[in-house]
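*Asks:* I'd like to ask some things about the structure below.
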Amino acid sequence: MLRVNDIRLSYGRETVLRGIRFEASPGEVIGLLGANGTGKSSLIEILAGVLIPDSGTVSLYDVDIRDRRHYLSMVGFVPQSIALTMHLSGYDNLRQWGGLKGLSGNDLQQAVTEAGVLCGLESFWHKPVYKQSGGMQRRINLASGLIGLPRLLLLDEPTAGLDRESRERILDAIQAIKAKGVMVVMTNHYEPEQDRIADRKFILDEGILCEPHA
């Protein structure tokens, strides 16, 4: 269970998040909607341990986010920007991310293979990332956050800038991840995509989290 309670964040005099509260259960997808600048990425970065809020608490399976090593060992984070080494292949990028997570030997190989299968990368393993399409780069980026199958996956605009076919492939991968019992919190501008895969949707508006009207 993910529990987010009374998260508040300001940048100087600008209040970005005002008492954010929600929970998520295993295998549940939470969709975050909102215009640019409403705090969606800031909230994702707080859940990923990148930003520290002014106040409030976050826990994952009763592990407080302040217990950083334990908490972050259960979290996968896929930022909007492509966080890959462009001259390496998709396979080598995933091995690199697995190594950063402390995996080696058979454990590393199994984690890379599982993430690649979930995101449909097997046919593109050995092509350098810079020679891949934008959609494939996004899928490799998604797979990098899946190394070790985290219990919580945080996605910041995972389909941004992609054509329809590439977006569909990303959404298929997220549904496969959900079926594995992984909790997903995802920001997105495309409400129809959220309608397709999110179990619950919230809108961030002026720092307040609210459910959309039916």
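*Asks:* Do we have any residue at all in segment 84-99 that's surrounded by 15 or more Cβ atoms within 10 Å (Cβ to Cβ), at pLDDT 85 or above, among the hydroxyl-bearing types (Ser, Thr, Tyr) and assigned by TED's automatic domain parsing to the domain that holds residue 197?
*Replies:* No: segment 84-99 contains no residue that is surrounded by 15 or more Cβ atoms within 10 Å (Cβ to Cβ), at pLDDT 85 or above, among the hydroxyl-bearing types (Ser, Thr, Tyr) and assigned by TED's automatic domain parsing to the domain that holds residue 197.
*Asks:* Report, by residue number, each residue of segment 2-18 that is closer than 15 Å to residue 58 by Cβ and at pLDDT below 95.
*Replies:* Listed by number, the list is empty, since nothing qualifies.
*Asks:* In segment 176-193, what residues are surrounded by 21 or more Cβ atoms within 10 Å (Cβ to Cβ) and farther than 11 Å from residue 27 by Cα?
*Replies:* 186, 187, 188
*Asks:* Within segment 1-32, track down each residue that is under 27 Å from residue 196 (Cβ atoms) and of a type in the set (S, T, N, Q).
*Replies:* 25
*Asks:* Got a number for residues in segment 161-187 being touching a Gly at 6+ places or on another chain (Cβ under 6 Å) and either assigned to a loop (DSSP other than H, G, I, E, B) or among the aromatic types (Phe, Trp, Tyr) (or both)?
*Replies:* 2
*Asks:* Starting from segment 109-121, keep only residues that are within 13 Å of residue 174 (Cβ to Cβ), then list their pairs with residues that are of a type in the set (A, V, I, L, M, F, W, C) and surrounded by fewer than 17 Cβ atoms within 10 Å (Cβ to Cβ) whose Cβ atoms are within a distance under 6 Å, requiring at least 6 positions of separation or different chains.
*Replies:* 118/176
*Asks:* Mind checking which residues of segment 42-57 are closer than 21 Å to residue 205 by Cβ and either touching a helix residue (DSSP H, G or I) at 6+ places or on another chain (Cβ under 9 Å) or surrounded by fewer than 20 Cβ atoms within 10 Å (Cβ to Cβ) (or both)?
*Replies:* Once the filter is applied, which keeps residues that are closer than 21 Å to residue 205 by Cβ and either touching a helix residue (DSSP H, G or I) at 6+ places or on another chain (Cβ under 9 Å) or surrounded by fewer than 20 Cβ atoms within 10 Å (Cβ to Cβ) (or both), segment 42-57 yields 45, 51, 53, 54, 55, 56.
*Asks:* Here is a further query. So which residues in segment 20-37 are within 14 Å of residue 206 (Cα to Cα) and surrounded by 14 or more Cβ atoms within 10 Å (Cβ to Cβ)?
*Replies:* The answer is 20, 32, 33, 34.
The values are calculated or read from the model by the stated rules, or taken from the named source; none is laboratory data. Note that the structure is predicted; figures quoted are calculated from it, not measured. Positions of Cβ are generated from backbone atoms using ideal geometry, with glycine treated the same way; all protein chains shown enter the neighbour counts.
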